[in-house]
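K.L.:
Can you read through this structure? Questions will come right after.
The values are calculated or read from the model by the stated rules, or taken from the named source; none is laboratory data. Since we're looking at a predicted model, the values are computed, not measured. Methodologically, a virtual Cβ is constructed for each residue, glycine included, from the backbone with ideal geometry; neighbour enumeration extends over all protein chains shown. Heavy atoms of the whole protein, side chains included, go into the accessibility calculation; ligands, DNA and RNA do not. Shrake-Rupley method; radii C 1.70, N 1.55, O 1.52, S 1.80 Å.
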Amino acid sequence: QVQLVESGGGLVQAGGSLRLSCAASGRTFSNYDVGWFRLAPGKEREFVGAISWSTGYTYFADSAKGRFTISRDNAKNTVYLQMNRLKPEDTAVYYCAARYRGVITTQGVDYWGQGTQVTVSS
């Protein structure tokens, strides 16, 4: 069992930056892909991006490419989502997600975090 704990959400002005963290407890992220989804009011849950823990390969939704990056810290067993040039439409609850030995997709997640709110003001 893996518990995912997110942190780093908050309120930021458009054009600003935030960094979200996802820490794992109970197990290391070895052999997992770890990523992020977001859920905005009135919208469906949307994949944002993810990283392969073993290779460091990252993949993103088109809405995140060029603005968001994902990195990992092996020693802290933590994944980071760095969000730059934020827009009001990025406002959502962001959820960390992990999948064992597989690419993260909307249908392919083994563990979820509790979510952290990101609000971007115009």
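Matching residues to (1) part of a loop (DSSP other than H, G, I, E, B); (2) open to solvent by 20 Å² or more (accessible area, probe 1.4 Å); (3) among the aromatic types (Phe, Trp, Tyr):
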position: PHE37; (1), (2), (3): no, no, yes
position: ARG72; (1), (2), (3): no, yes, no
position: GLU89; (1), (2), (3): no, yes, no
position: ALA98; (1), (2), (3): no, no, no
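K.L.:
What number of residues within segment 13-35 are under 20 Å from GLN114 (Cβ atoms) and either open to solvent by less than 60 Å² (accessible area, probe 1.4 Å) or in contact with a Ser or Thr (Cβ under 6 Å, 6 or more places away or on another chain) (or both)?
P.N.:
Of the residues in that region, 12 qualify.
K.L.:
Can you name the number of the only condition in (1) open to solvent by less than 50 Å² (accessible area, probe 1.4 Å); (2) in a loop (DSSP other than H, G, I, E, B); (3) of a type outside the set (Ser, Thr, Tyr); (4) modelled with pLDDT of 95 or more that VAL48 fails?
P.N.:
For VAL48, the failing item is (2).
K.L.:
For segment 1-11, which residues satisfy the criterion of being open to solvent by 20 Å² or more (accessible area, probe 1.4 Å) and within 11 Å of GLN117 (Cβ to Cβ)?
P.N.:
Hits for segment 1-11 are GLY8, GLY9, GLY10, LEU11.
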